[in-house]
Amino acid sequence: MNTFPLAALCLLGTWAALAGGVTVQDGKFSFSLESVKKLKGLRELRGPSTDSGVQFDGPVAPELCSSTEFPAELKPVCKEPNAEEILGRLEVIAEDPSTCELCAYAACAGC
């Protein structure tokens, strides 16, 4: 059995995954990890949240969504009735994106 074609396919698959980047999926939405990482910076501008880092004082979706620095890729979430929940889950990933880059979360793909 010739191992060259198998090795070439493995390298090609790895390259394709890296070229596409890591994506984060939440329900019907799919975002680049880079867009999700920007949520951390926006939260830090707002000030500290609760100890869990997931819950916010009052509705955060309107404030985040109206920010000029809110990633355009995430804007469709703002129209959802459960935008608070979705943004909370995305923020968990934004807090420690290295675990997503290693595909520790089921919501992450393309590693």
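Worth pointing out:
- Highest mean packing comes first when the peptides 35-41, 79-85, 89-95, 66-72 are listed by Cβ atoms within 10 Å, giving 89-95, 35-41, 79-85, 66-72.
- Note on CYS65 and ALA106: with the Förster distance fixed at 25 Å, the Cβ-Cβ geometry gives a FRET efficiency of about 0.45.
FYI, it's all coordinate maths here, none of it is from the lab. Remember, it's a predicted structure, so these values are computed and weren't measured experimentally. Note: ideal-geometry Cβ built from the backbone for every residue, glycine included; neighbour counts use all protein chains shown.
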